[in-house]
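*Asks:* Submitted below is the structure of interest, expressed as structure tokens.
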Amino acid sequence: MNFCPKCGSIMMPRRKDGKMFLVCTNCGYEMPFDGKVGFSEKTKGLKKIDVVEKEHNILPITKIKCPKCGNDKAYYWTVQTRAGDEPETKFLKCTKCGYTWREYD
Ligand SMILES: [Zn+2]
Ligand SMILES: [Zn+2]
């Protein structure tokens, strides 16, 4: 959240002439906005592999049989393949051999 340096009210991002600005909701004070605060565009265009790599260390483990080596534990995560109206795809990665596969319901 950003606050106005002039009056202390909340500032909202607004696009003007192709650039982002923060505009005070109270007094109208404007200042340039570098877009790094993370509003709606944060997860847009993120490739699947980015998600996997980023969350790799904190993946939960589920009990499921690896189709390759027979190990019964695998990390799992879900990926939203497209827009919100499509169901998430569940991916699994064997804790032993590292084999990765996706689960279909
Ligand atoms: Zn202000
Ligand atoms: Zn395995």
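*Asks:* Taking into account only those residues within the range 1-54 that are in a loop (DSSP other than H, G, I, E, B) and among the acidic types (Asp, Glu), which is modelled with the lowest pLDDT? Even if it seems obvious, please write down each step before you answer.
*Replies:* Filtering the range 1-54 down to residues in a loop (DSSP other than H, G, I, E, B) leaves 1, 4-9, 17-18, 25-29, 33-39, 43-47.
Remaining after also requiring among the acidic types (Asp, Glu): 17, 34.
On the way: ASP17: 81, ASP34: 73.
Applying the filter and picking the extreme gives ASP34.
*Asks:* Pairs only if they're at least six apart or on different chains, beta carbon under 9 angstrom, first in the range 1-21 and under 14 Å from PRO32 (Cβ atoms) and assigned by TED's automatic domain parsing to the domain that holds PHE33, second exposed (fewer than 13 other Cβ atoms within 10 Å of the Cβ) and of a type in the set (Asp, Glu); list them, first residue then second.
*Replies:* Close Cβ pairs satisfying both conditions: MET20/ASP34.
The values are calculated or read from the model by the stated rules, or taken from the named source; none is laboratory data. All of these numbers come straight from a predicted model, not from anything done at the bench. Note that we place each Cβ from the backbone using ideal geometry, even for glycine, and neighbour counts take in every protein chain shown.
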